[in-house]
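Undergrad: I have a structure here, written as structure tokens, and I will follow up with some questions on it.
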Amino acid sequence: MPERTEAGTTSRSRRSPWVSHAVLIAGILIVVFPIYYTFVASTLSLQQILRPPLQLLPGSHFLDNYYEALFGGLGRVGGINVWTLLLNTSIVALSVAVGKIVISILSAYAIVFFRFPFRMTFFWVIFITLMLPVEVRILPTYKVMVDLGLIDTYTGLTLPLMASATATLLFRQFFMTIPGELLEAARVDGAGPWRFFFDFVLPLSKTNIAALFVILFIYGWTQYLWPLLVTNSNDMNTIIIALRKMISYADADTQWHLVMVTTIFAILPPVAVVVLMQRWFVKGLVETEK
Amino acid sequence: MATVALKTVRKVYAGGMEAVKGIDLTVPDGALCVLVGPSGCGKSTLLRMIAGLEEISSGTIEIDGRVVNALEPAERDIAMVFQNYALYPHMSVYDNMAYGLRNRGTPKPEIERKVREAARMLELGSLLDRRPRQLSGGQRQRVAMGRAIVRDPKVFLFDEPLSNLDAKLRGQMRVEIRKLQRDLGVTSIYVTHDQLEAMTLADVLVVMNSGRIEQVGAPLDVYEEPATTFVASFIGAPPMNLLTPDHLSAVGAVLEGLLPADAVTVGIRPEDLGTVEAKSAEAGSAGLITFDVTIDVLEPVGAESYLYARVQDASVVVRLPGRAAVPETGKLKVAAPVDKLHFFDTHGKRVDPVPVAARRLG
Ligand SMILES: Nc1ncnc2c1ncn2[C@@H]1O[C@H](COP(=O)(O)OP(=O)(O)OP(=O)(O)O)[C@@H](O)[C@H]1O
Ligand SMILES: [Mg+2]
């Protein structure tokens, strides 16, 4: 790679690395600025935020604001602190991500490696659900959850989000690339269906699992519509819902400094997951094993 | 140690394709049996049925006197070497070899001992910690062999194990496989479509064609007495020349008294054809037939030369020793010893030559 970029640039102009860097830096500034400002605002008092002009440097209320958010109650959401919100959201995001991966890897395993009646029918049924996003089936799902008494429960929050046609398809595509000879060699070596799953399919899919986990965790973390519907009590809120509830239409009613702190907390876990898992799946992608 | 016995084994695939059409075969204990035949003749299918990877449509397969039709591959006490090696990509070389033993619940020290022993035999000792992708093709091949050896199976099954190697390595591994199989004395079935591999490896050579066995025998017996025109043209390179008596008579061969009653094809190996001087020395009292061929090309390959020629519309290959002193174009008189002729009937079946006594009378 380095040789290629060098050869490519010398033929054009010596300045082009600077140009491309400038463009990249400008792009990053545009993306990062709102986040930076969120952080700045989270260190200011409410008065400082509301009074123009915009302050661009962090203020002196960092400790006060963060302490209040973590250990006091956030006014708007009925005295629930950020810890509870983070815990709820983590449970939802983790269950959705893990649940989706477990269900889809198992269904893909069945569809690819077993011959059973109506195998392709099941495959198409799963495939067709791709065309029905959450929003379309939300009312019937809501009715079912109400009937089962699952409103304001973690089960109600996560279960309907778990089935995933996309992840099933991804795993299916990957499993189809596992050579048949590998399966046969394993059979000769005495590996039954479970052994083959745990000793071969899982280790070979770990990069796919890592990538999917990141995507699905963020998907679960940022869920809005469904948690809004199935939670009534404040202590079951996810952080995204809480943020929404904290913002009032009248500017002066909104505790902007706490909103900003909560926003920072809402951003951190997905970032952490990406950073942590990235090492994992980049490593996996580089040393593809098949 | 075990014999493998197949009794009227058939395989019909789901689509109605009959890939194996009733095969009877017994592989004696400790023998290396090579299945050879053109692509699509059902060799792999047969091997996979023995391995238990493919269901048997009818007939029985016995390993060591036990019918294994309904057994899982792992229960048949076989080991298989696959064409693409099928090494476990996420396991080290050591684990690749140890995996099957672990699944059987072999105690750890014994696994260790067996793997080290196999690694020593295959010169893999320094590679045990590597992953398959860090190995060369030949080394992968050895690991695949090692995986089979450590299991101490009753039968080794090989499905074209050398076809992914370059020519030189293939020759080397061929010798190694032969040696290893002799040393271990394990009954083996080896599939290949390379007739050189088949000839050099086999104790028992099985020539297959479209789902049936054409001939079973020791390689040289098969070579010297091919049972059908198919075997005659499949075994040996370049293949046996197959000509009609009419072709031969038209170019001056005298076949009177030599031709058995129902023979419609005469077969002559390229090395049995030669210049008249060379062959008359060889033939001795048996006598020669001689005829003219029209030269197309002369291909010197070093130790010998191949002369591609025509007899009317039929092509003929003559194998000449060394640098052949023959013209590049035009006609050449060639000769073949009478006792080296092969005869086949209208169904392509071998016909015995006319006995020497009867020949003189005729
Ligand atoms: N799963 C299958 N379903 C249907 N037909 C099959 C299947 N596998 C193989 N066949 C057919 O059975 C016949 C024998 O196949 P097989 O793989 O045994 O050939 P082979 O002798 O091993 O050939 P090659 O030398 O090319 O490996 C072929 O005509 C093939 O098309
Ligand atoms: Mg084959």
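The values are calculated or read from the model by the stated rules, or taken from the named source; none is laboratory data. The structure presented is a predicted model; accordingly, all values stated were derived computationally and were not measured. Using ideal geometry, Cβ is built from the backbone for each residue, glycine included, and neighbour counts are taken over all protein chains shown. We work out accessible area using only protein heavy atoms, side chains counted, and drop any ligands, DNA or RNA first. Shrake-Rupley method; radii C 1.70, N 1.55, O 1.52, S 1.80 Å.
Undergrad: From the list B:Val12, B:Val36, pick out the single residue that is within 16 Å of ligand 2 (Cβ to nearest atom), aliphatic (A, V, I, L, M) and touching a residue at least 12 places away in the same chain (Cβ under 8 Å).
TA: B:Val36
Undergrad: Pairs under 6 Å by beta carbon, first residue of a type outside the set (Lys, Arg) in segment A:141-157, partner at pLDDT below 90 and open to solvent by 70 Å² or more (accessible area, probe 1.4 Å), six or more apart or different chains?
TA: Pairs found: A:Asp152/A:Asn232.
Undergrad: Would a scan of segment B:45-65 turn up a residue that is within 14 Å of chain A (Cβ to nearest Cβ), open to solvent by 30 Å² or more (accessible area, probe 1.4 Å) and in contact with a Lys or Arg (Cβ under 6 Å, 6 or more places away or on another chain)?
TA: yes
Undergrad: Go through segment B:180-195 and report how many residues are within 11 Å of the chain's Cα centre (by Cα) and away from ligand 2 (no atom under 16 Å from the Cβ).
TA: 0
Undergrad: Further, regarding this structure: Applying the selection to segment B:237-257, what residues are within 30 Å of the chain's Cα centre (by Cα) and modelled with pLDDT under 90?
TA: B:Ala237 - this is the single residue of segment B:237-257 that is within 30 Å of the chain's Cα centre (by Cα) and modelled with pLDDT under 90.
Undergrad: Got a number for residues in segment A:111-146 being β-branched (Val, Ile, Thr) and within 25 Å of the chain's Cα centre (by Cα)? Lay out the reasoning, then the answer.
TA: Here is the first cut: in segment A:111-146, the residues β-branched (Val, Ile, Thr) are A:111-112, A:121, A:125-126, A:128-129, A:134, A:136, A:138, A:141, A:144, A:146.
Those left that are additionally within 25 Å of the chain's Cα centre (by Cα): A:126, A:128-129, A:134, A:136, A:138, A:141.
Number satisfying all stated conditions: 7.
Undergrad: Just for segment B:32-57: of the residues that are over 16 Å from the mean Cα position of the chain (by Cα) and among the small types (Gly, Ala, Ser), which one is farthest from B:Met80 (Cα to Cα)?
TA: Of everything passing the filter in segment B:32-57, B:Ser57 is farthest from B:Met80 (Cα to Cα).
Undergrad: Return the residues of segment B:73-88 that are within 20 Å of the chain's Cα centre (by Cα), in a loop (DSSP other than H, G, I, E, B) and facing chain A (nearest Cβ under 7 Å); say none if nothing qualifies.
TA: Selection gives B:Phe82, B:Asn84.
Undergrad: Which pairs turn up if I take residues in segment B:275-299 that are among the small types (Gly, Ala, Ser) and look for partners that are open to solvent by 40 Å² or more (accessible area, probe 1.4 Å) with beta carbon separation below 7 Å, at least 6 apart in sequence or on another chain?
TA: Sorted first by the residue in segment B:275-299, then by its partner, the pairs are B:Ser280/B:Leu288; B:Ala286/B:Asp339.
Undergrad: In addition: Among (1) in contact with a Lys or Arg (Cβ under 7 Å, 6 or more places away or on another chain); (2) farther than 27 Å from B:Glu160 by Cβ, which single condition is B:Val93 missing?
TA: If we test B:Val93 against (1) in contact with a Lys or Arg (Cβ under 7 Å, 6 or more places away or on another chain); (2) farther than 27 Å from B:Glu160 by Cβ, just (2) comes out false.
Undergrad: In the list B:Ala144, B:Ala198, B:Ala119, which residue meets the criterion of being under 22 Å from B:Tyr88 (Cα atoms), open to solvent by less than 10 Å² (accessible area, probe 1.4 Å) and either within 16 Å of ligand 2 (Cβ to nearest atom) or within 14 Å of another protein chain (Cβ to nearest Cβ) (or both)?
TA: Exactly one of B:Ala144, B:Ala198, B:Ala119 is under 22 Å from B:Tyr88 (Cα atoms), open to solvent by less than 10 Å² (accessible area, probe 1.4 Å) and either within 16 Å of ligand 2 (Cβ to nearest atom) or within 14 Å of another protein chain (Cβ to nearest Cβ) (or both), namely B:Ala144.
Undergrad: Which of the residues that make up segment B:39-97 are β-branched (Val, Ile, Thr) and away from ligand 2 (no atom under 16 Å from the Cβ)?
TA: Matches in segment B:39-97: B:Ile56, B:Thr60, B:Ile61, B:Ile63, B:Val67, B:Val68, B:Ile78, B:Val93.
Undergrad: Could you tell me which residue of segment A:203-214 is nearest to the other protein chains (Cβ to nearest Cβ), considering only residues that are farther than 19 Å from A:Phe265 by Cα and among the β-branched types (Val, Ile, Thr)?
TA: Across segment A:203-214, the extreme among qualifying residues is A:Thr207.
Undergrad: What strands (runs of 3 or more DSSP E), lying completely within segment B:258-346, carry at least 3 residues that are over 31 Å from the mean Cα position of the chain (by Cα)?
TA: So the answer is B:288-300, B:331-337.
Undergrad: Of all residues in segment B:19-47, how many are in contact with a Gly (Cβ under 6 Å, 6 or more places away or on another chain) and not aliphatic (A, V, I, L, M)?
TA: 4
Undergrad: When residues of segment B:147-163 are filtered for being more than 11 Å from chain A (Cβ to nearest Cβ), within 16 Å of ligand 2 (Cβ to nearest atom) and either touching a Gly at 6+ places or on another chain (Cβ under 6 Å) or closer than 24 Å to B:Gly30 by Cβ (or both), how many remain?
TA: Residues that pass the stated criteria total 4.
Undergrad: With the structure loaded, tell me whether A:Pro269 is over 19 Å from A:Met162 (Cα atoms), under 23 Å from the mean Cα position of the chain (by Cα) and within 14 Å of chain B (Cβ to nearest Cβ) or whether it fails that test.
TA: So A:Pro269 does not fit the description; no.
Undergrad: Residues in segment B:101-110: is at least one facing another protein chain (nearest Cβ under 9 Å), of a type in the set (Asp, Glu), open to solvent by 20 Å² or more (accessible area, probe 1.4 Å) and not in a loop (DSSP other than H, G, I, E, B)?
TA: The answer is no; no qualifying residue exists.
Undergrad: Suppose we filter segment A:164-183 for residues that are within 14 Å of chain B (Cβ to nearest Cβ) and either open to solvent by less than 10 Å² (accessible area, probe 1.4 Å) or in contact with a Cys (Cβ under 9 Å, 6 or more places away or on another chain) (or both); how many remain?
TA: 1
Undergrad: While we're on this one: If you go through segment B:26-43 one residue at a time, how many are of a type in the set (S, T, N, Q) and away from ligand 1 (no atom under 16 Å from the Cβ)?
TA: Within segment B:26-43, residues that are of a type in the set (S, T, N, Q) and away from ligand 1 (no atom under 16 Å from the Cβ) number 1.
To keep it simple, each residue is scored yes or no on (1) within 12 Å of chain B (Cβ to nearest Cβ); (2) surrounded by 17 or more Cβ atoms within 10 Å (Cβ to Cβ); (3) closer than 30 Å to B:Asn84 by Cβ.
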| site | (1), (2), (3) |
| --- | --- |
| A:Thr121 | no, no, no |
| A:Thr141 | no, yes, no |
| A:Met162 | no, yes, no |
| A:Ala185 | yes, yes, yes |
